[in-house]
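Trainee: Structure below; questions to follow.
The values are calculated or read from the model by the stated rules, or taken from the named source; none is laboratory data. Owing to the predicted nature of the structure, the values given are computational and were not obtained by experimental measurement. Don't worry about glycine lacking a Cβ; one is built from the backbone with ideal geometry, like all the others, and counts go over all protein chains shown. Heavy atoms of the whole protein, side chains included, go into the accessibility calculation; ligands, DNA and RNA do not. Shrake-Rupley method; radii C 1.70, N 1.55, O 1.52, S 1.80 Å.
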Amino acid sequence: MSQTPDFEHERHREAYERVAEYLDELFEDALEDQGHFYVRYGSTVLEIAIEPYGPDESSVIIMSYCVQGAEVDEDLRTGLLELNHDLPFGAFSIVGSDIFFSHALFGRTLQRTNLLGAIAAVAETSDRYDDLIAEKYGGERALDRIQHTGGREGRKRSTN
């Protein structure tokens, strides 16, 4: 594992340590890099980030790389917004020409079964839609190109 991140408060640190413990128990190949965890679930790669939320809470964000390099147009944006409305949890998002699916949980009350359930649901939702999106709007399934991304920090740099 890499260097432990800076924490804004005790709840942030506790959630990070809890997620690290749970992922170590649930996955043989969980990786940690700059405070973010990466796991493979089926054919999907997920990034799990623990972020401070207010003065005494944290959020655990489970995000899948769905499609990279899509041709983003109004039809795609509208379709993803309508899909977000119909999905029982989580949401699709677009950064540049990349499409992600994510869901967040509160860190203070996080339990192992909730984390695993959210990981499974995010991965299955992303896997269900990645081929459909790539077929209609171009790009590649993120798993096919994941080695070329810089994770969340790389996306931030590419949009600035």
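Trainee: Which of the residues that make up region 31-53 are farther than 21 Å from residue 141 by Cβ and at pLDDT below 95?
Mentor: 32, 33, 34, 35 - these are the residues of region 31-53 that are farther than 21 Å from residue 141 by Cβ and at pLDDT below 95.
Trainee: Let me ask you something else. Is it the case, given these coordinates, that residue 97 is within 20 Å of residue 131 (Cβ to Cβ), touching a helix residue (DSSP H, G or I) at 6+ places or on another chain (Cβ under 8 Å) and among the hydroxyl-bearing types (Ser, Thr, Tyr)? Break it down stepwise before answering.
Mentor: Working: within 20 Å of residue 131 (Cβ to Cβ): yes; touching a helix residue (DSSP H, G or I) at 6+ places or on another chain (Cβ under 8 Å): no; among the hydroxyl-bearing types (Ser, Thr, Tyr): yes.
Taking the combined requirement at face value, the residue does not satisfy it.
Trainee: Related question: Check 87, 81, 115 and return the single one that is of a type in the set (A, V, I, L, M), at pLDDT 95 or above and farther than 15 Å from residue 64 by Cβ.
Mentor: On inspection, the qualifying residue turns out to be 81.
Trainee: Name the residue that is surrounded by the fewest Cβ atoms within 10 Å (Cβ to Cβ), counting only residues in region 46-67 that are closer than 18 Å to residue 116 by Cα and over 8 Å from the mean Cα position of the chain (by Cα). Break it down into steps so the answer makes sense when it comes.
Mentor: Going through region 46-67, the residues closer than 18 Å to residue 116 by Cα turn out to be 46-50, 58-65.
Retained after the next criterion (residues that are over 8 Å from the mean Cα position of the chain (by Cα)): 50, 58-60.
Details: 50: 25, 58: 27, 59: 18, 60: 25.
By that ranking, first place goes to 59.
Trainee: What's the total number of residues in region 11-45 that are assigned to a helix (DSSP H, G or I) and either surrounded by 15 or more Cβ atoms within 10 Å (Cβ to Cβ) or touching a residue at least 24 places away in the same chain (Cβ under 8 Å) (or both)? Write out each step before concluding.
Mentor: Applying the first criterion (assigned to a helix (DSSP H, G or I)) to region 11-45 yields 11-26.
From what's left, either surrounded by 15 or more Cβ atoms within 10 Å (Cβ to Cβ) or touching a residue at least 24 places away in the same chain (Cβ under 8 Å) (or both): 11-16, 18-20, 22-23, 25-26.
Total meeting the criteria: 13.
Trainee: Can you pull out the residues in region 121-132 that are of a type in the set (A, V, I, L, M) and open to solvent by 20 Å² or more (accessible area, probe 1.4 Å)?
Mentor: Keep residues of region 121-132 that are of a type in the set (A, V, I, L, M), which gives 121-123, 132.
Listed by number, the residues that qualify are 121, 132.
Trainee: Since residue 72 meets every condition but one in (1) surrounded by fewer than 16 Cβ atoms within 10 Å (Cβ to Cβ); (2) farther than 27 Å from residue 22 by Cβ, which condition does it not meet?
Mentor: Here residue 72 meets the rest and fails (1).
Trainee: Could you check how many residues of region 133-145 are closer than 16 Å to residue 64 by Cβ and either at pLDDT 65 or above or open to solvent by less than 40 Å² (accessible area, probe 1.4 Å) (or both)? Please lay out each step first, then the result.
Mentor: We begin by selecting, within region 133-145, every residue closer than 16 Å to residue 64 by Cβ; these are 133-134, 139-145.
Remaining after also requiring either at pLDDT 65 or above or open to solvent by less than 40 Å² (accessible area, probe 1.4 Å) (or both): 133-134, 139-144.
Of the residues in that region, 8 qualify.
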